[in-house]
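Working notes, beginning with the structure itself.
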Amino acid sequence: MIITIIAFIIVFGVLVFVHEFGHYFFAKKAGILVREFSIGMGPKLWFYRKNSTTYTIRLLPIGGYVRMAGAEEDDVPLKKGMTVSLLINDENKVVKINTSNKKTLISGVPVQISDWDLEDKLWIEGYENGNDSELKVYEVDHDACIIENDGTEVQIAPKDVQFQSAKIIQRMLTNFAGPMNNFILAIVAFLVIALVQGGVASTDNQIGKVQENSVAQKAGIKPNDRIIAVDNIKTTTWQEASAQIQKNGNKKIILKIDRKNKIIKIKITPKVQIENGKKVGMIGVMAKVHYDKSIVAILSYGFTQTWYIITSIIGVLGKMFTQGFSLNDLGGPVAMYSYTSEAAHYGILSIMNLMAVLSINLGIVNLLPIPALDGGKLLLNVVEAIRRKPLDPEKEGIITLAGFGFLMILMILVTWNDIQRYFLH
């Protein structure tokens, strides 16, 4: 349990960090102010502020975010009539605005605010020390900070450093950078796996091991046998043979076996087991693994394996839209924890392989053209480029909010379905 939890935290943390760092890096390069870089969502557990960015770790392991100045999720936590504390420097400029009851500014001036402009003119006005007979206007420093209700300290967002102030190509690169980093992480992870294991592992349709007292052993299947057909469906790879067997749980099938160039037929009934929350047929055999130790194979493995996983996932997504959608086709943090638990039993390379696959999944899902996801933002960027003018901020906000609501509902449904699949079955 402890190993699984540690592995889950590491895998989750790496995936989110790598994804969000892509957004962060390209935003910085474009001159966009990154107000907050968060791992996790929900209540803040820890934060550290350096230069113009606040780095936070939050309670819920369901993602993370880079909060860019002027983005749709970036709201100013001020309301007319509220009392704040202002820290004023020697140049008589406001350098810190405290809206939180969890922090106290020792030299802060209490002001009941009546209006403000923290984007263009940079000022805030209100009544100092409860004196409602004199309305004061305070100049705000360009790099001033604001302490939000939960105690998180972030920099204000003047117009010149906002997301929309960057060029359209810079904004597109910033939106695409998260998924791009996920694909790069997968390439690196697969390359490291190939290096550590001393070559590129590959399988065909040959059996390497037959488990004791398994359905396969009782049926007379032996190591080094090749499964060349399942119910007259040819199988030249282990994936093909495995897929045919798995979908025939508790059903009698005929395996065509090549044993030392002699073809034999074996009748067998795969036993139903639960794998990753799904019922699948299993006969108790493992593939024989072959290793290509050439430098070319090792160096190219990161790219070829990543491309293979990408095309496989796209194929699955295509079937979801053409053959019907099921919540069992999706997985959230609970499924990720279950996969990590299983991978942890097989060691660090298995965990790295899982991380690479999950990273590709994260990259592809984020590129779906759904509002609030990176793909949805890229689509809006394309629309803006075609129109040669930005969309109405209010309309864009409504579209994004609708997408966010859809994702939250889907996340709740997927999480509950995962709990039922992995813990309540």
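Hand me the list of strands (runs of 3 or more DSSP E) wholly inside segment 243-322 holding 1 or more residues that are at pLDDT below 90. Before the answer, list the steps.
Details: elements: 253-259, 262-268, 271-275, 278-282, 285-287, 290-292.
Qualifying strands (runs of 3 or more DSSP E): 271-275, 278-282, 290-292.
Would you pick out the residues in segment 377-399 that are part of a helix (DSSP H, G or I) and either closer than 26 Å to VAL334 by Cβ or of a type in the set (A, V, I, L, M, F, W, C) (or both)? Before the answer, list the steps.
Filtering segment 377-399 for residues part of a helix (DSSP H, G or I) gives 377-387, 393-399.
Across segment 377-399, the qualifying residues are LEU378, LEU379, LEU380, VAL382, VAL383, ALA385, ILE386, ILE398, ILE399.
Going through ILE147, ILE233, ILE228, ILE169 one at a time, which residue ends up being in contact (Cβ under 8 Å) with a residue 40 or more places away in the chain and of a type in the set (A, V, I, L, M, F, W, C)?
Details: ILE233 fails: in contact (Cβ under 8 Å) with a residue 40 or more places away in the chain; ILE228 fails: in contact (Cβ under 8 Å) with a residue 40 or more places away in the chain; ILE169 fails: in contact (Cβ under 8 Å) with a residue 40 or more places away in the chain.
None of the other options fit; the residue is ILE147.
Taking only pairs six or more apart or across chains, which ones have beta-carbon atoms under 9 Å, a first residue in segment 102-123 that is at positive phi and outside any strand (DSSP E or B), and a second residue that is of a type in the set (Val, Ile, Thr) and surrounded by 16 or more Cβ atoms within 10 Å (Cβ to Cβ)?
LEU122/VAL94; LEU122/VAL140; LEU122/ILE156
Any residue at all in segment 401-415 that is within 19 Å of MET172 (Cβ to Cβ) and part of a helix (DSSP H, G or I)?
yes
Okay, residues lined up against (1) out of contact with any Asp or Glu (no Cβ under 9 Å at 6 or more places or on another chain); (2) surrounded by fewer than 13 Cβ atoms within 10 Å (Cβ to Cβ):
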{"site": "GLY302", "(1), (2)": "yes, no"}
{"site": "LEU354", "(1), (2)": "no, no"}
{"site": "SER359", "(1), (2)": "yes, no"}
{"site": "LEU362", "(1), (2)": "yes, no"}
{"site": "ARG388", "(1), (2)": "yes, yes"}
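With the condition kept exactly as written, say whether any residue in segment 20-28 is more than 18 Å from PHE176 (Cβ to Cβ) and more than 19 Å from the chain's Cα centre (by Cα).
Residues of segment 20-28 that are more than 18 Å from PHE176 (Cβ to Cβ), as a first pass: none.
The answer is no, given that none of the residues of segment 20-28 is more than 18 Å from PHE176 (Cβ to Cβ) and more than 19 Å from the chain's Cα centre (by Cα).
When the residues of segment 152-174 are narrowed to those that are part of a loop (DSSP other than H, G, I, E, B) and either open to solvent by less than 10 Å² (accessible area, probe 1.4 Å) or of a type in the set (A, V, I, L, M) (or both), which ends up nearest to SER100 (Cα to Cα)?
Residue satisfying both the conditions and the ranking: THR152.
Just name the residue that is farthest from GLY397 (Cα to Cα) out of those in segment 46-93 that are among the acidic types (Asp, Glu) and surrounded by fewer than 18 Cβ atoms within 10 Å (Cβ to Cβ). Please lay out each step first, then the result.
Let us first name the residues in segment 46-93 that are among the acidic types (Asp, Glu), namely 72-75, 90-91.
With the extra rule that they be surrounded by fewer than 18 Cβ atoms within 10 Å (Cβ to Cβ), the set shrinks to 73-75, 90-91.
Values: GLU73: 9, ASP74: 11, ASP75: 12, ASP90: 39, GLU91: 37 Å.
If we take residues in segment 46-93 being among the acidic types (Asp, Glu) and surrounded by fewer than 18 Cβ atoms within 10 Å (Cβ to Cβ), then ASP90 is farthest from GLY397 (Cα to Cα).
Suppose we filter segment 364-376 for residues that are open to solvent by 40 Å² or more (accessible area, probe 1.4 Å) and assigned to a helix (DSSP H, G or I); how many remain? Quick ask: steps written out before the conclusion?
Pass one, segment 364-376, residues open to solvent by 40 Å² or more (accessible area, probe 1.4 Å): 365, 367-371.
Adding the requirement that they be assigned to a helix (DSSP H, G or I) leaves 365.
Count: 1.
For segment 20-45, name all the residues that are of a type in the set (Gly, Ala, Ser), touching a residue at least 60 places away in the same chain (Cβ under 8 Å) and surrounded by fewer than 17 Cβ atoms within 10 Å (Cβ to Cβ). Don't jump to the end; show me each part of the working.
The initial filter retains those residues of segment 20-45 that are of a type in the set (Gly, Ala, Ser), namely 22, 27, 30-31, 38, 40, 42.
Subsequent filtering for residues that are touching a residue at least 60 places away in the same chain (Cβ under 8 Å) retains 22, 27, 30-31.
The answer is GLY31, and nothing else.
The values are calculated or read from the model by the stated rules, or taken from the named source; none is laboratory data. Keep in mind that what you see is a predicted model, and the values were worked out from it rather than measured. Positions of Cβ are generated from backbone atoms using ideal geometry, with glycine treated the same way; all protein chains shown enter the neighbour counts. Protein only, heavy atoms only, side chains kept; ligands, DNA and RNA dropped before computing areas. Shrake-Rupley method; radii C 1.70, N 1.55, O 1.52, S 1.80 Å.
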